[in-house]
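Every read-out reported here was derived from the displayed coordinates using simple, explicitly stated rules and does not represent laboratory data. Just so you know, these numbers come straight off a predicted model, no measurement behind them. Counting neighbours? That spans all protein chains shown, and the Cβs are built from the backbone with ideal geometry, glycine included.
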């Protein structure tokens, strides 16, 4: 393989990076925002591996190993922080934390109403047979 | 040299080649992002496929119909389509699964670039651990399905414009950078190097210094220059560096041996040059592209534990710190955040 396919792989890396940037800016779910950031890292990894192949050494691949390591650390910490945020507001919406933004910005309000959801299907309820056993209350630690 | 202005840059055709698919892709993503009103999934998907086709035709270098190129386009197209689905699907579980598909396609691209260990490591760590962890978090936190926030997006128009401009700028720079010229820089002059090494080998079997130099022909007085050019072309690889070090160490001996006409001193130098040249030449294909070592894990291990040893230690320390931090952060109960 000559160096000309190098351009192809760099284009793929650039597109993945841009997609990740759009996802990070546009979505409001904390999990999807984090996954978009991870997709940006994937784009960078594609670039590095392509250059490693073009130069004929494994320096780019070593760098990608470090990227994977740091991504794993980042995932662990992000999950811990997201769980903490969820515990206080009971939601994964990032706009609930608008007070952390800088002063003077317009608050993000949900003005447009959502379209009518189709009614949930009503499932039949079976009459229980026998006696229900006694069970303790569920204590949720979430 | 006259300064180039923005207008000069924009008037080239590569700017339009970079801009139009990015603009169509941007419009497609804008139509696909979840919104209460005005979301058009089918038109958006159609526009997305048109944009993807244009990108494949204009942005990539279409090579011959080999299985490599077919696999490349499949994996690249799969990664981009799955990535677009990930950022535009309202359901976060579907987004996470689409991200797993992105990781699998990127691993396919890694395999095509002679990185099998990275393929396996990325699949295990990303698709196997990170995505699963976040699926657990989604299932814990959003058990009722889609929430109000998932059906809306933040500044859809501006984020699509920002991403589209980013993609167009990156690709415009790539198209203008003349990666075809880079091939001359990156590729190894395989044929001329093979020629040189063969003549050096034959010359080392001659009996007098005059015969040796006659065998070498034009390269005789400039032997070391030719070899240093070959070594510089392969500077990134270990045999190339070895050749350059050998050249540096034996240059004074070569000069005095050649002037003194000492056959017994010249022959081992020629043999050494031919040896290292052959080893170097073996690391390249006939068209000059480098061959990565087949023992990818061994090569990675050598590189990590000799060149980047400090970084490995620091990465280990970082993992430890992150583990402790995650445990401490996540196990705090009942602390009220202000």
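Summary table below
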| quantity | calculated |
| --- | --- |
| 0 to 90° range, to nearest 10: angle between helix A:59-89 axis and chain A longest Cα axis | 20 degrees |
| Exercise: per-residue mean of other protein chain Cβ atoms within 10 Å, A:79-85 | 6 |
| Highest-fluctuation residue, B:124, B:67, B:324 considered, GNM on chain B with Cα pairs under 10 Å | B:324 |
| Global geometry of region B:16-161, whether rounded, prolate or oblate, following the gyration tensor of its Cα atoms and the 1.5 cut on a/c | oblate |
| Value of D in µm² per second that Stokes-Einstein yields for region A:56-138, Kirkwood Rh from Cα pairs, at 20 °C (1.002 mPa s) | 109 µm²/s |
| Sequence-separation-based contact order of region B:1-154, relative, with Cα cut under 8 Å and 6+ spacing, percent | 21 percent |
| Relative contact order of chain B, pairs being alpha-carbon contacts under 8 Å that are 6 or more residues apart, as % | 15 percent |
| Residue-averaged [θ]222 nm for the protein assembly as shown, counting only DSSP H segments that reach four residues, each worth -39500 (n - 2.57) | -22000 deg cm²/dmol |
| Degrees, to the nearest 10: B:13-32 long Cα axis against longest axis of chain B | 30 degrees |
| Over the protein assembly as shown: Rg over Rh, Cα atoms, Kirkwood Rh | 1.11 |
| 10 Å Cβ neighbours from other chains, averaged over peptide B:144-151 | 5 |
| Other protein chain Cβ atoms within 10 Å, averaged over every residue that makes up B:320-328 | 4 |
| Which of B:266, B:132 has the fewest Cβ neighbours within 10 Å, and the rest in rising order | B:132, B:266 |
| Principal-axis tilt of helix A:30-55 within chain A, Cα atoms, nearest 10 degrees | 20 degrees |
| Burial ordering of B:117, B:158, fewest other beta-carbon atoms within 10 Å first | B:158, B:117 |
| Order of A:127, B:225 under a 10 Å beta carbon neighbour criterion, fewest first | A:127, B:225 |
